[in-house]
Amino acid sequence: MYKVSSDQKQYNTYTLSDESAGSQIEVVPERGGIVTSWRINGQEVFYLDAERFTHPDLSVRGGNPILFPLCGNLPNDTYNVDGTDYKIKQHGFARELPWTATAQSASDGASVTVELSSNEQTKLVYPFDFHLAFTYTLRGNTLEVRQEYKNLSSTPMPFSSGFHPYFLCGDKSKIEVDIPSVGYQDNRTKENFVFDGKFNFEQDEIDSVFGKLSSRSTSVIDNDRKLKIAIDYDDFYTYLVFWTVKGKDFYCLEPWSATRNSLNTKEYLTVLEPNTSCSAVMQITANFF
């Protein structure tokens, strides 16, 4: 029923399969620990810019990138720790660095665990020792991502984390969005709006940040592709971001543990004491109808 295999392509790629559901996921540890593809009975769930993916110097646009140690960007890409300024790029470095596959299983779902540790490169922009372990598990039409964040430093470690899934879509005017919040901030203009469940997809870009979430679940129905995406998340996540660009056949619905600039504002920032850890879980369920 469950199966895990690996194949050396441009990068070593792990394939997780639930054969009874016709569901299959590809994980590429070396390319930011990312899920690049999810097919259900041959139909793709995720969008991927395949050409961009082949260039290691470019960030991936597609799949399900990991955001750490921050979500979004900072003013001038700068934050301060104990009187010292550090510069760090938007969404952090986890999505760009090679992770290591450390375990796999086909017993209770098809799963693979990928891990990332701090190094001299990360400490130039984020002066903390850390260890991350993410376990991807496929069961039926549900992808579960269990995360462990560990502070190996002698000082408290602040961070935020999240995901940036790109979902392949059809005609965006046929998309129904259910986000558990009554309003959002437009990240481009910083204006606040009441949310009535509809977006104007004629805009060049939509970048909407939703806080004060009233439930632990959000969903999108794509009536063109006949696909419903549901995302369930635990209390670690405090914001959802909806992002898309006109003319591109994707939308992103992103669970974040904190919003932009939290390394400076401290709002919803997670701070781990030395030699402690925390965990989180996020699930995506995809059903074609």
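The values are calculated or read from the model by the stated rules, or taken from the named source; none is laboratory data. Because the structure is predicted, anything quoted here is derived from the model rather than measured. Neighbour counts run over all protein chains shown; Cβ positions are idealised from the backbone, glycine included. Protein only, heavy atoms only, side chains kept; ligands, DNA and RNA dropped before computing areas. Shrake-Rupley method; radii C 1.70, N 1.55, O 1.52, S 1.80 Å.
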Enumerate the lysines that Lys246 could reach by cross-link, defined here as Cα to Cα under 23 Å, with residues fewer than 8 away along the same chain left out. Lys172, Lys174, Lys190, Lys198, Lys226, Lys228
Cα gyration tensor, the range 83-124 - rounded (a/c under 1.5), prolate or oblate: prolate
Could you tally the net charge around Thr218, taking each other residue with its Cβ under 11 Å from the Cβ of Thr218, Lys/Arg +1 and Asp/Glu -1? -2
When the Kirkwood radius is taken over all Cα pairs of the range 109-262, what Stokes-Einstein diffusion coefficient follows at 37 °C and 0.692 mPa s, in µm²/s? 189
Need one number: nm distance between label points at Asn192 and Thr102, each 7 Å from Cα along Cα→Cβ, rounded to one decimal. 4.2
Within the range 1-32, list the GluC sites (Glu not before Pro) lying in a DSSP loop whose Cβ has at most 14 other Cβ atoms in a 10 Å radius. Glu19
Protein-only accessible surface order, largest first, of Asp178, Asp232 at 1.4 Å: Asp178, Asp232
Ignoring solvent entirely, what values of log10 I(q)/I(0) come out of the Debye formula for the chain at 0.09, 0.10, 0.12 Å⁻¹ when each Cα is a single scatterer? -0.41, -0.51, -0.75
Among the Cα-Cα pairs of the range 20-116, the proportion with separation greater than 20 Å, in percent, is 49
Check each of the GluC sites (Glu not before Pro) in the range 141-205 and keep only those in coil by DSSP with at most 12 other C-beta atoms within 10 angstrom; list them in order. Glu191, Glu202
Where is the GNM fluctuation largest for the chain (alpha-carbon springs, 10 angstrom cutoff): Asp18, Asp235, Asp186? Asp235
Does the range 65-188 classify as rounded, prolate or oblate by the C-alpha gyration tensor (a ≥ b ≥ c root eigenvalues; a/c under 1.5 gives rounded; else a/b over b/c gives prolate, otherwise oblate)? oblate
Stretchable slack from Asn223 to Ser154, in nm (0.36 nm times residue separation minus alpha-carbon distance): 19.7 nm
Under Stokes-Einstein, with the Kirkwood radius over Cα pairs standing in for Rh, what whole-number D in µm²/s applies to the range 238-277 at 20 °C and 1.002 mPa s? 173
Can you list the residues of the range 68-107 with backbone N under 14 Å from a point 7 Å past the Cα of Lys266, pointing along Cα to Cβ? 80-83
Everything considered on the Cα gyration tensor (a ≥ b ≥ c; rounded for a/c under 1.5, else prolate if a/b is larger than b/c, else oblate), the range 198-282 must be described as prolate
In Å, what is the Rg of the alpha-carbon atoms in the range 160-239, and how long is Dmax? 13.0, 34
If I compute solvent accessible area with a 1.4 Å probe over the protein chains, what percent of it on the chain is carbon and sulfur? 46
